[in-house]
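Chemist: My questions will all concern the structure given below.
The values are calculated or read from the model by the stated rules, or taken from the named source; none is laboratory data. On a predicted model such as this, the values are computed, not experimentally measured, just so you know. Here the Cβ is made from the backbone with ideal geometry for all residues, glycine too, and neighbour counts use every protein chain on show.
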Amino acid sequence: MRRPHQGVVFTLFFAALAALAGCTKSEAPHKGEVLIWHWMTDRDDALQQLADAYSKENGIKVRLELYAPSDAYASKIRAAAQTNTLPDIFSVLGETRDLASFINSGRIANLTAAMDADHGAWRKEFFPKALATTTLVAGNAYNAPAGNYGVPIDVTNIQMLYNKDLFKQAGLDPERPPQTWDEFISDWHKLKAAHIPGLVSGWGETWMIDCFASNYAFNIMGESKVLDTFRGKVRYTDPDWIKVLGLFDTLRKEEVLVSGVVTMVNKTAEQTFSTSKAAFAFNGSWCVNVYKGMNPDLSFAAMLPPRVSNKYPMKIWGGAGSSFMVNDASVNKEAAIQFLKWLSQPAQQVKLSKDTLNLPSNKAAVGDLPPVLASFASRMDMTTHPSQWPVTEKPTVVEAFDKGIQSILIGEKTPQQIAEDVQAVKDQQSK
Amino acid sequence: MTWSRFKDYFTTYLFIIPAFLLFCVFSLYPFLKVFQLSVFEWDGIARSMQFVWLNNFRTGLFYDASWWVSMRNAGVITLLAMTLQNGLALMLAMIVDREIRAKNFYRVVFYLPPVLSGIVVGLVWNWIFDGSHGLLNHALTTLGLAKWTHAWLAEPSTALVSVAVIHMWKGFGWGFVILLAGLQAIPRELNEAAHVDGANEWQIFRKITFPLMLPVFFLVSILTVLGTMQIYDIIAATTNGGPGYHTEVPITRILAAMVGSSRFGYACSLGVLFGVILLAISMVQLRISKWSQRFS
């Protein structure tokens, strides 16, 4: 029996496959309904209530979809961008280069005109540092058009916390945390004598090490020298950088750090501090809500990282905690912008702040904040962040720097060796 | 071709469409896409990609020291798993293969760790290995061995071995089940006849059990190598690759390239490189397996 022509069958088969593949939608068609994707589990209820209130007020349905945790959310956003299925409102979780890539590929709406309307009425409502996180200036390193690309819904900054009860226990004044590095080490000696563990932080998450080191780099050598290092004009083997790395060596030698910090995730660090197993913590303003959940009776306060030098101000990382972006290709672009405008008004910001204990992005909404949160809010002017710098370091160099600090903390390498290693990576990247 | 015959064939192919479709979408397409992306520079977002020939492979092979550190770390864990984990699995399988009381209970208990989530196992062992309040340090201190206490997962001398211990604890159940099945397939008459002939336990193991179990040993060793080299979840839940690069493994490096620095093309090239290395190791193991079976 002659076999039938299999080529014909296969051709038809693959034609059917191709037809099926063509059935994928190229853009989410949901006109008249604003769809938001977010990752904020702690703010989901409050955002849902606000979305319902907006729908009642304005007759425009706002639908929230939660995708957590944040790394899964970030992956989903990337995948949606590749398949042109981004929702009307979303967030880009990542660094400025990621934001710029989204902008350059036409996936995020430029909100500058909306911010500038009515003599910049909308823009003026925010903490300037909050907007800076999602603002790209002219001539930026990523060749993205200048403009505002995000609406901050809260602000944050990262400082040090200290346990007031443990301070009392060690005979220290709980209302006077250490201001300088020397005072910090001196206080630590008293805490150590009272058998109280020292500093805890999630330094297994290397960005937190980077944040701590960056604070001191700004304090020791000033912003322009830090940025010149990123530009390749200053080497990491410069004495000022060795001094920054040397602080971690001091932390190791003085045994300031709680055991295991070098591989600890921040959630564990938060549990350690909230159960009074450490006198100091290095954490962000979100911790107020976290500690409240873990131990409502914890007596603590925020403090600036104790300064090493008086020559340059201490800078802390901060800015917009969470920002929403509008899909530039969305059929609901205008409705999405109107909703975000409404969401950033004082009444809505106060509700978000009270319900979730996060700092509001609207200046007028900073009212009756709890004392610790108020001290975080009062230092927003001192914040900086890589997303606000005109130039940032290459990711591989940042990784070598952060991993190098881990090596110092475990006594494996000296600050000088790490400086040389980091510079070698930098030189290789610059080729 | 007549219409009825065409209909017959088309109906036949129609039945395999769902499976074939799933295979294409979830296996074939991503597999081919990884190869395609490995020769491009792309951040995962931009609409355009830059063709860079084999530069990504060159970087991985010759300039990325952390990649080879991660391969070495995975190799060390694999070596420990091949010896200690599989040795333990064989020993337990041989014990449970005998007529002992409650052997079914032991079979279930030994098989429990592999069915647990790697993340959960990692978190539990985090608590055991914790430097300040961990169960292990507490036990050592109680026994008067305080000088042996460590921050097990945070010290360079203990981190990799600690991770390997967790991996072996979680993984030995697989080997146990396969080895037990192999032992049970050996006809009992052979052992009984050897006993009648005056052979001792060691002689029975060396002359009967070992030769007959060779194919099973190789199956277990291939699965151990493939499973251990791809270790990730336990690392993510315990050390995240730290301290420094001491517990970095290939998957954490691939993820660091993809998510940490948005180098999708480079991450894919590392994936291809890793796949080729695993394939080569498996081929060698298969060769040795065939040779040893012929020899035995």
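Chemist: So, restricting to strands (runs of 3 or more DSSP E) that lie completely within segment A:237-349, which ones have at least 2 residues that are touching a Ser or Thr at 6+ places or on another chain (Cβ under 6 Å), closer than 27 Å to A:Thr414 by Cα and within 14 Å of chain B (Cβ to nearest Cβ)?
Modeler: Here the list is empty.
Chemist: Still on this structure: Filter segment A:322-336 for residues that are under 30 Å from A:Asn283 (Cβ atoms) and either hydroxyl-bearing (Ser, Thr, Tyr) or surrounded by fewer than 22 Cβ atoms within 10 Å (Cβ to Cβ) (or both) and give the result.
Modeler: Matches in segment A:322-336: A:Ser322, A:Ser323.
Chemist: Filter segment B:50-68 down to residues that are among the aliphatic types (A, V, I, L, M) and buried (at least 16 other Cβ atoms within 10 Å of the Cβ), then give me how many there are.
Modeler: 1
Chemist: Still on this structure, I have one more. Condition test on B:Tyr29, is it surrounded by 13 or more Cβ atoms within 10 Å (Cβ to Cβ), within 11 Å of chain A (Cβ to nearest Cβ), part of a helix (DSSP H, G or I) and without any contact (Cβ under 8 Å) to a residue 60 or more places away in the chain?
Modeler: It is false that B:Tyr29 is surrounded by 13 or more Cβ atoms within 10 Å (Cβ to Cβ), within 11 Å of chain A (Cβ to nearest Cβ), part of a helix (DSSP H, G or I) and without any contact (Cβ under 8 Å) to a residue 60 or more places away in the chain.
Chemist: For segment A:404-430, name all the residues that are within 8 Å of chain B (Cβ to nearest Cβ) and either under 19 Å from A:Asp228 (Cα atoms) or out of contact with any Asp or Glu (no Cβ under 9 Å at 6 or more places or on another chain) (or both).
Modeler: The answer is A:Glu412, A:Gln428.
Results for (1) in contact with a strand residue (DSSP E or B) (Cβ under 6 Å, 6 or more places away or on another chain); (2) farther than 28 Å from A:Ala302 by Cα, shown as yes or no for each residue.
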| residue | (1), (2) |
| --- | --- |
| A:Ala320 | yes, no |
| A:Gln338 | no, yes |
| A:Ala347 | no, no |
| A:Leu357 | no, no |
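Chemist: Can you pull out the residues in segment A:57-112 that are of a type in the set (S, T, N, Q), facing another protein chain (nearest Cβ under 9 Å) and in a loop (DSSP other than H, G, I, E, B)?
Modeler: A:Ser105
Chemist: Which condition breaks for A:Ala365 when tested against (1) closer than 30 Å to A:Pro145 by Cβ; (2) buried (at least 20 other Cβ atoms within 10 Å of the Cβ)?
Modeler: Here A:Ala365 meets the rest and fails (1).
Chemist: Here's a follow-up. When you scan segment B:228-249, do you find a residue that is within 14 Å of chain A (Cβ to nearest Cβ) and farther than 29 Å from B:Trp169 by Cβ, even just one?
Modeler: Within segment B:228-249, none of the residues are within 14 Å of chain A (Cβ to nearest Cβ) and farther than 29 Å from B:Trp169 by Cβ.
Chemist: With B:Tyr266, B:Tyr245 as the choices, which residue is modelled with pLDDT of 90 or more, of a type in the set (Phe, Trp, Tyr) and in a loop (DSSP other than H, G, I, E, B)?
Modeler: That would be B:Tyr245, the only listed residue that is modelled with pLDDT of 90 or more, of a type in the set (Phe, Trp, Tyr) and in a loop (DSSP other than H, G, I, E, B).
Chemist: Looking only at segment A:271-287, which residues are under 17 Å from the mean Cα position of the chain (by Cα) and surrounded by 24 or more Cβ atoms within 10 Å (Cβ to Cβ)?
Modeler: A:Phe282, A:Ser285, A:Cys287
Chemist: Determine if segment B:112-124 includes at least one residue that is away from every other protein chain (no Cβ under 14 Å) and either assigned to a loop (DSSP other than H, G, I, E, B) or over 26 Å from the mean Cα position of the chain (by Cα) (or both). Lay out the reasoning, then the answer.
Modeler: Quick first cut of segment B:112-124, residues away from every other protein chain (no Cβ under 14 Å) only: B:112-118, B:120-121.
Of the ones still in play, those that are also either assigned to a loop (DSSP other than H, G, I, E, B) or over 26 Å from the mean Cα position of the chain (by Cα) (or both) are B:116-117.
Yes, there is a match, as at least one residue in segment B:112-124 is away from every other protein chain (no Cβ under 14 Å) and either assigned to a loop (DSSP other than H, G, I, E, B) or over 26 Å from the mean Cα position of the chain (by Cα) (or both).
Chemist: Only one of A:Asp228, A:Asp173 is closer than 19 Å to A:Phe401 by Cα and free of Cβ contacts under 8 Å to residues at least 24 places away in the same chain. Can you tell me which?
Modeler: Going through A:Asp228, A:Asp173 in turn, just one is closer than 19 Å to A:Phe401 by Cα and free of Cβ contacts under 8 Å to residues at least 24 places away in the same chain: A:Asp228.
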